[in-house]
Amino acid sequence: MLNKIIQKIFTNFTTFKANPYHPLVWINGNPKIGKNVVISGFSEINAKHANVTIGDNCDIASFVAINAADSHKKCLGLSNEIDRKDITIGNNVFIGSHCVVKGGANIGNYCVVGAGTIVDAIDIPDYSLVVGNPMIVKKGYYKKWLHTINPL
């Protein structure tokens, strides 16, 4: 009940639509979000004029920015347009608190993005651990462990 009240107040005072995840999650545009996805408070998904896809069974912690737009060149007068690139997040992905996922990022299935990581516009293979700023991709980090407990 309290969540619905907070959601109504929030949507009345902002341009953000109500969402089923948390009353204080900002969603711009129309991202494709799979089943069994958790998006915690104060996270943002900016999919305005871009394709942002989040697979099934993902957990996006609080204070995460998934942002397909980059306006720095427009701000500096180097472009008249905001640069927008699609983002794909696979199935069974965990994104830790205070991360930024930039436009052009393609995160594979069964990946973990550690807290505070800035994810650049690259392809991250399945089963990877991604940490840091600048980010470090540990390819296949979870593959052996996941196949041991749950052969795919």
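The values are calculated or read from the model by the stated rules, or taken from the named source; none is laboratory data. Computed from a prediction, not measured in an experiment: that's the story for all the values here. Here the Cβ is made from the backbone with ideal geometry for all residues, glycine too, and neighbour counts use every protein chain on show. Note: accessible area is taken over every heavy atom of the protein model, side chains too, but ligands, DNA and RNA are not part of it. Shrake-Rupley method; radii C 1.70, N 1.55, O 1.52, S 1.80 Å.
Since only 72, 33, 135 are under comparison, the one whose Cα sits farthest along the positive direction of the charge dipole of the chain, derived from C-beta charges on Lys, Arg, Asp and Glu, is 33.
So if R0 is 25 Å, what FRET efficiency would residue 3 and residue 44 give, r being the distance between their Cβ atoms, rounded to the nearest 0.05?
That gives a FRET efficiency of 0.85.
In this structure, the amide hydrogen of residue 54, modeled 1.01 Å from its nitrogen in the peptide plane, lies closer than 5 angstrom to those of 32, 33, 34, 89, counting only residues at least 5 positions away or on a different chain.
Which value, in debye to the nearest 20, gives the size of the charge dipole of segment 79-152 about its Cα centre, when Lys and Arg are +1 and Asp and Glu are -1 at the Cβ? Before the final figure, lay out the partial values.
On the way: 7 positive and 6 negative charges, 65 e Å.
Using only the charged Cβ atoms, the result is roughly 320 debye.
For the chain, what does the relative contact order come out to in percent, with C-alpha contacts under 8 Å and a separation of six or more?
Working: 400 pairs, mean separation 20.5, N = 152.
After rounding, I find 14 percent.
Toward the positive end of the charge dipole of the chain, about the Cα centre and with charges on Cβ (Lys, Arg +1; Asp, Glu -1), which of 58, 124, 95 goes farthest? Checked the options; the winner is 58. Computed about the Cα centre, the dipole magnitude for segment 1-87 is approximately 260 debye when only Lys and Arg (+1) and Asp and Glu (-1) carry charge, each at its Cβ. The 3J(HN,Hα) values that the Karplus relation (6.51, -1.76, 1.60; θ = phi - 60°) gives for segment 40-50 are, in residue order, 8, x, 6, 9, 10, 10, 9, 10, 5, 6, 8 Hz. Gly and Pro appear as x. Evaluated with a Cβ-only charge set (Lys, Arg +1; Asp, Glu -1), the chain carries a dipole of roughly 180 debye about its Cα centre, given to the nearest 20.
Rounded to whole numbers, the Karplus 3J(HN,Hα) couplings from phi for segment 30-36 are 10, x, 9, 10, x, 7, 6 Hz, using 6.51 cos²θ - 1.76 cosθ + 1.60 with θ = phi - 60°, and x at Gly and Pro.
In sequence order, segment 76-93 has phi-based couplings of 7, x, 8, 8, 9, 10, 7, 6, 10, 10, 5, 10, 10, 10, x, 7, 6, 10 Hz under the Karplus curve 6.51 cos²θ - 1.76 cosθ + 1.60, θ = phi - 60°, and Gly or Pro positions carry x.
In this model, which of 73/143; 8/138; 74/139; 8/35; 4/32 are farther than 32 Å apart at the alpha-carbon?
Values: 73/143 39 Å; 8/138 42 Å; 74/139 35 Å; 8/35 24 Å; 4/32 23 Å.
Listed pairs above 32 Å: 73/143; 8/138; 74/139.
Once backbone amide H atoms are built at 1.01 Å from N, residue 79 has 74 as its partners under 5 Å, excluding neighbours fewer than 5 places away on the same chain.
Among the protein heavy atoms, those of residue 88 account for about 60 Å² of accessible surface (1.4 Å probe, every chain in place).
Taking only the alpha-carbon atoms of the chain, what semi-axes of the equivalent ellipsoid follow from 5 times the gyration tensor eigenvalues under a square root, in whole Å, largest first? Walk me through the numbers on the way to the answer.
On the way: eigenvalues 139, 92, 30 Å².
One finds semi-axes of 26, 21, 12 Å for the chain.
The aspartates and glutamates whose alpha-carbon is closer than 19 Å to the alpha-carbon of residue 48, local same-chain residues fewer than 8 away aside, are 70, 81, 83, 86, 120.
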